[in-house]
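For reference, the structure discussed in these notes is given below.
The values are calculated or read from the model by the stated rules, or taken from the named source; none is laboratory data. Since this is a predicted model, take the numbers as computed values, not measurements. Note that each Cβ is placed from the backbone with ideal geometry, even for glycine, and that neighbours are counted across all protein chains shown.
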């Protein structure tokens, strides 16, 4: 009888452990389960620290923020589609400071900034021009040209600078002519010489559909979010280790079978016609992990507060604005330090009659619909 009781007690504990919807730390195989979709109130998700409107001038007008990084007292952001430029604004008051414009193909020039990387060890800025297969290094202080880095093969999807600034990681699509033995992650030196490769490409590797800044830094860790993958990887000693495995209830990425079609346009048609997750953007610091993703053409947001294990998973346009910030949710575009996320509010997308926050109303009342976005700094609940 004692044996049976002990067995039942053990079984009950096991079932409880398996059904508890909480993220597990690295010791527990890194699973982060955001749960099923639910409608949430903004006040249940975030606490706003402050608003920062970006100054609007003829020189500083931003089309869309594709990538953003807070660097000390400055904000560096890129607009890769409308203005093909990188902008710098003051993190103190939002004043426009400088701009690095695309449109050239000479030495030290780029057509469009696919993504950028701020290297703190030598205060430099690297810009990847995927169309020209160029990686260009500038001084962060004044955008003066320093040097061009040779990439190991044309058109990498993303890149990262390793801490010594003499070696680089590149993320390559799976090509019909196999350059790297089926591996998608390549470590190379400044001359483009391949030093090592890893990450055997899955069938999805031939579809170029994902975050152009697939590499990101979290404190001292270098991470990668491959396209069409539930896994976030961490670069350790010339290899990639699973940092987190993400789950979203009934939502999922396409199965491998979907990618076995020859015609890539047919693959994308299939993905867009069904409820598959596609584009995934991850923003992580010491305290939080937030993930934006698309299903069909709809945008979703999931987030995890690492400090208290609070999670949510919601459709962006289903969030209830009970904070009075214009009937919009400030979807993340970057991080600030170890304990803040940075989101945006677009003036043209805000409902003034729904703005009840006094600070925001004061800012919005002096803006035009076509002005630059308002940055929103916040913590997760």
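Any chance you could count how many residues in the stretch 69-107 are in a loop (DSSP other than H, G, I, E, B) and crowded, with 16+ Cβ neighbours inside 10 Å?
So the answer is 6.
Would you mention how many residues in the stretch 139-148 are without any contact (Cβ under 8 Å) to a residue 40 or more places away in the chain and assigned to a loop (DSSP other than H, G, I, E, B)?
2
Quick check: is even one residue across the stretch 214-226 farther than 30 Å from residue 306 by Cα and free of Cβ contacts under 8 Å to residues at least 40 places away in the same chain?
No.
Please work out which residue is surrounded by the fewest Cβ atoms within 10 Å (Cβ to Cβ), limiting yourself to the stretch 338-354 and to residues that are under 16 Å from residue 50 (Cβ atoms) and over 15 Å from the mean Cα position of the chain (by Cα).
Filtering the stretch 338-354 for residues that are under 16 Å from residue 50 (Cβ atoms) and over 15 Å from the mean Cα position of the chain (by Cα), the one surrounded by the fewest Cβ atoms within 10 Å (Cβ to Cβ) comes out as 339.
So residue 381 ticks every box in (1) surrounded by fewer than 20 Cβ atoms within 10 Å (Cβ to Cβ); (2) in contact with a helix residue (DSSP H, G or I) (Cβ under 8 Å, 6 or more places away or on another chain); (3) over 29 Å from residue 284 (Cβ atoms); (4) modelled with pLDDT of 95 or more but one. Which box is left unticked?
(3)
Would you call residue 151 touching a residue at least 40 places away in the same chain (Cβ under 8 Å) and more than 27 Å from residue 285 (Cα to Cα)?
Yes: the conditions hold for residue 151.
Name every residue in the stretch 154-198 that is part of a loop (DSSP other than H, G, I, E, B), over 17 Å from residue 118 (Cβ atoms), under 24 Å from the mean Cα position of the chain (by Cα) and touching a residue at least 24 places away in the same chain (Cβ under 8 Å), in order of residue number.
Hits for the stretch 154-198 are 155, 156, 157, 173, 174.
Here is a check on your reading of the model: is residue 208 in a loop (DSSP other than H, G, I, E, B), surrounded by 15 or more Cβ atoms within 10 Å (Cβ to Cβ), out of contact with any helix residue (DSSP H, G or I) (no Cβ under 7 Å at 6 or more places or on another chain) and at pLDDT below 95?
Here the answer is no, as residue 208 does not meet what is asked.
Does residue 187 fit the bill of being surrounded by 17 or more Cβ atoms within 10 Å (Cβ to Cβ) and farther than 24 Å from residue 313 by Cβ?
Yes: the conditions hold for residue 187.
Counting only residues that are in a loop (DSSP other than H, G, I, E, B) and either within 22 Å of the chain's Cα centre (by Cα) or closer than 24 Å to residue 54 by Cα (or both), which one in the stretch 108-120 is modelled with the lowest pLDDT?
Our first condition is that a residue be in a loop (DSSP other than H, G, I, E, B); within the stretch 108-120, this holds for 108-114, 120.
From the residues that got through so far, the ones that are either within 22 Å of the chain's Cα centre (by Cα) or closer than 24 Å to residue 54 by Cα (or both) too are 112-114, 120.
On the way: 112: 96, 113: 97, 114: 97, 120: 92.
So, considering only residues that are in a loop (DSSP other than H, G, I, E, B) and either within 22 Å of the chain's Cα centre (by Cα) or closer than 24 Å to residue 54 by Cα (or both), the one modelled with the lowest pLDDT is 120.
Quick check on the stretch 322-337: of everything there that is in a loop (DSSP other than H, G, I, E, B) and more than 16 Å from the chain's Cα centre (by Cα), which residue is surrounded by the fewest Cβ atoms within 10 Å (Cβ to Cβ)?
322
Being surrounded by 14 or more Cβ atoms within 10 Å (Cβ to Cβ), on the phi > 0 side of the Ramachandran plot, in contact with a strand residue (DSSP E or B) (Cβ under 8 Å, 6 or more places away or on another chain) and touching a residue at least 24 places away in the same chain (Cβ under 8 Å), is that true of even one residue in the stretch 122-138?
Taking every residue of the stretch 122-138 in turn, none turns out to be surrounded by 14 or more Cβ atoms within 10 Å (Cβ to Cβ), on the phi > 0 side of the Ramachandran plot, in contact with a strand residue (DSSP E or B) (Cβ under 8 Å, 6 or more places away or on another chain) and touching a residue at least 24 places away in the same chain (Cβ under 8 Å).
In contact (Cβ under 8 Å) with a residue 12 or more places away in the chain, surrounded by 19 or more Cβ atoms within 10 Å (Cβ to Cβ) and in a helix (DSSP H, G or I) - does that describe any residue in the stretch 303-321?
There is no residue in the stretch 303-321 that is in contact (Cβ under 8 Å) with a residue 12 or more places away in the chain, surrounded by 19 or more Cβ atoms within 10 Å (Cβ to Cβ) and in a helix (DSSP H, G or I).
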